[in-house]
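**Student:** The structure follows.
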Amino acid sequence: MGRVYLANHTELNRRCALKVLSSRVSKQDVDFVERFKSEGRATAALNHPNVVTIHSIGESNGYYFLEMEYVKGQSMQELLDEQGAFTPIRATVLTEGIAEGLAAAHREGILHRDLKPDNILLTELGIPKLADFGLAKRIFANDMKDDEVLVGTPNFMAPELFQGSPASAQSDVYSLGVCYFYMLTGRLPFASGSFSDLRNRAIHEPLPNIRDTNSEIPLEMAECLGLLMEKSPQNRPHDDIEAAQLLHAVAGQVQDIESLLSEAFRNTEGIVWKRKKSAYELIVELPDGRHQKLFIETSDHATSERLLLIYSICGPANPEFFEEALRLNSIVSHGGIALRQIDGESCFVMVDTYPRGSVDAVEVGRSVMEIAHRADAIEKQLTGSDKH
């Protein structure tokens with residue numbers, strides 16, 4: 001079909017992504033050239049933070065091209081391949097962002113028709129952006145011949161598309177649901193090596209219960225997913241405008257931990273983090289070559305009462321340390337020293353908590369740095385080492 005290059009705009013001196021259509025394809029298939037132009041015209045009409053911006057479309061020396069916003073990050077598919085399933089909150093927040101981008105397209109009467117993780121790019125701050133509207137068309141376009149063609153990626157296609165129905169806003173909603181399922185579980189809802197078997201399963205088999213795969217997924221998220229992936233398009237949200245509202249109601253104003261960390265430390269050196277199941281592990285560089293490891297996780301309370309826990313190990317809870325730990329606890333102004341079982345061992349930890357639904361990136365950033373310095377100082381005073 002073509003290639004995408006990282007390019008530099010010589011007039012504006014900015015990096016961009018340049019999609020160049022194969023000259024062989026453009027000479028052999030005039031309709032494909034028109035579809036390529038349609039991609040440019042359709043996406044250029046969209047100006048939304050969750051959609052890759054098209055800057056220009058043109059032709060030079062027989063080569064058709066699209067100049068697009070350069071998104072420095074990776075595709076959602078690459079991230080899923082690296083990490084597996086996302087935490088339920090992160091999956092929901094990301095799906096909400098994708099739905100917002102699709103909603104902007106649906107407001108302009110544009111369908112995506114090939115939504116899948118490969119076509120969702122994630123910025124360095126974790127913001128999802130829809131790319132590759134190569135199969136886009138106007139909802140009300142008089143193009144019956146095109147509607148007769150089976151278009152899309154089979155694993156993400158709505159059941160009615162397998163039965164010959166034209167693409168619609170509701171079929172985009174279904175594809176969004178498949179992406180949500182994939183993020184929550186790390187696998188596809190209906191997978192098969194046979195096209196005919198996949199078609200039969202997508203049309204007739206009930207949606208697998210994601211809570212059987214991951215019991216930590218809240219009921220409201222499972223119910224939301226079920227609505228997005230209803231077999232009948234009439235039973236789904238009418239379009240991704242309604243889907244975005246539904247997801248917003250489920251996610252509320254809760255920002256996922258990954259996004260909080262990206263925002264809190266985007267301009268900070270000496271801090272790295274990685275996800276371990278539903279928690280995050282951070283390493284903070286401190287003066288004099290010392291380091292401190294911190295953990296961030298959500299408490300097990302009911303959704304409305306959940307806390308964000310930020311803590312760091314100060315050392316083993318040996319009896320000879322108790323008196324000194326209590327004395328230090330009485331003078332600590334931020335957070336507190338507590339006992340916690342870590343990998344079966346009783347430890348002193350420096351801990352701070354925030355309401356999960358209202359904590360922001362500024363609070364997280366400040367707390368991480370204060371906990372790191374205080375825990376390191378207590379570890380040094382109690383044990384003289386830099387183990388944690």
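The values are calculated or read from the model by the stated rules, or taken from the named source; none is laboratory data. Predicted, not measured: the structure shown is a model, and the values here were computed from it. Don't worry about glycine lacking a Cβ; one is built from the backbone with ideal geometry, like all the others, and counts go over all protein chains shown.
**Student:** Can you tell me which of F195, F190 is aromatic (F, W, Y) and either in the same structural domain as G365 (by TED's automatic domain parsing) or in contact with a Lys or Arg (Cβ under 8 Å, 6 or more places away or on another chain) (or both)? Spell out how you get there, then give the answer.
**Tutor:** Values: F195 fails: either in the same structural domain as G365 (by TED's automatic domain parsing) or in contact with a Lys or Arg (Cβ under 8 Å, 6 or more places away or on another chain) (or both).
None of the others qualify; the one that does is F190.
**Student:** What is the number of the single condition among (1) part of a loop (DSSP other than H, G, I, E, B); (2) crowded, with 20+ Cβ neighbours inside 10 Å; (3) modelled with pLDDT under 95 that L308 does not meet?
**Tutor:** Evaluating L308 over (1) part of a loop (DSSP other than H, G, I, E, B); (2) crowded, with 20+ Cβ neighbours inside 10 Å; (3) modelled with pLDDT under 95 leaves (1) as the failure.
**Student:** To continue, here is another question. I need a count of the residues in the range 303-312 that are within 18 Å of G365 (Cα to Cα) and touching a residue at least 60 places away in the same chain (Cβ under 8 Å).
**Tutor:** So the answer is 3.
**Student:** Out of F36, F32, F65, report the one residue that is more than 21 Å from I127 (Cα to Cα), over 24 Å from the mean Cα position of the chain (by Cα), in a strand (DSSP E or B) and of a type in the set (F, W, Y).
**Tutor:** From the options F36, F32, F65, the qualifying one is F65.
**Student:** When the residues of the range 258-290 are filtered to those that are touching a residue at least 60 places away in the same chain (Cβ under 8 Å) and under 27 Å from G384 (Cβ atoms), which remaining residue is farthest from the chain's Cα centre (by Cα)?
**Tutor:** R290
**Student:** Just the residues that are of a type in the set (S, T, Y), surrounded by fewer than 13 Cβ atoms within 10 Å (Cβ to Cβ) and within 30 Å of E100 (Cβ to Cβ), please, taken from the range 1-55.
**Tutor:** Once the filter is applied, which keeps residues that are of a type in the set (S, T, Y), surrounded by fewer than 13 Cβ atoms within 10 Å (Cβ to Cβ) and within 30 Å of E100 (Cβ to Cβ), the range 1-55 yields only Y5.
**Student:** Within the range 10-29, identify whether any single residue is within 22 Å of I120 (Cβ to Cβ), not assigned by TED's automatic domain parsing to the domain that holds P128 and not in a strand (DSSP E or B), and answer yes or no.
**Tutor:** no
**Student:** Would you point out the residue of the range 332-381, among those that are under 16 Å from L307 (Cα atoms) and of a type in the set (S, T, Y), that is modelled with the lowest pLDDT?
**Tutor:** That would be S358.
**Student:** Going by the structure shown, is T303 out of contact with any strand residue (DSSP E or B) (no Cβ under 8 Å at 6 or more places or on another chain), modelled with pLDDT under 80 and either crowded, with 19+ Cβ neighbours inside 10 Å or not assigned by TED's automatic domain parsing to the domain that holds L94 (or both)?
**Tutor:** Numbers: out of contact with any strand residue (DSSP E or B) (no Cβ under 8 Å at 6 or more places or on another chain): yes; modelled with pLDDT under 80: yes; either crowded, with 19+ Cβ neighbours inside 10 Å or not assigned by TED's automatic domain parsing to the domain that holds L94 (or both): yes.
When the stated conditions are applied, T303 passes them.
**Student:** Hey, another quick one. Collect the residues in the range 68-119 that are hydrophobic (A, V, I, L, M, F, W, C) and either farther than 19 Å from V173 by Cα or surrounded by fewer than 18 Cβ atoms within 10 Å (Cβ to Cβ) (or both), keeping them in residue-number order. Spell out how you get there, then give the answer.
**Tutor:** Residues of the range 68-119 hydrophobic (A, V, I, L, M, F, W, C): 68, 71, 76, 79-80, 85-86, 89, 91, 93-94, 98-99, 102-105, 110-111, 115.
Selection gives M68, V71, L79, L80, A85, F86, I89.
**Student:** Taking the condition on the phi < 0 side of the Ramachandran plot, out of contact with any Leu (no Cβ under 6 Å at 6 or more places or on another chain) and assigned to a loop (DSSP other than H, G, I, E, B), does N47 pass?
**Tutor:** It is true that N47 is on the phi < 0 side of the Ramachandran plot, out of contact with any Leu (no Cβ under 6 Å at 6 or more places or on another chain) and assigned to a loop (DSSP other than H, G, I, E, B).
**Student:** Let me ask something additional. Conditions: (1) on the phi > 0 side of the Ramachandran plot; (2) in contact with a Ser or Thr (Cβ under 7 Å, 6 or more places away or on another chain). K277 meets all but one. Number of the miss?
**Tutor:** (2)
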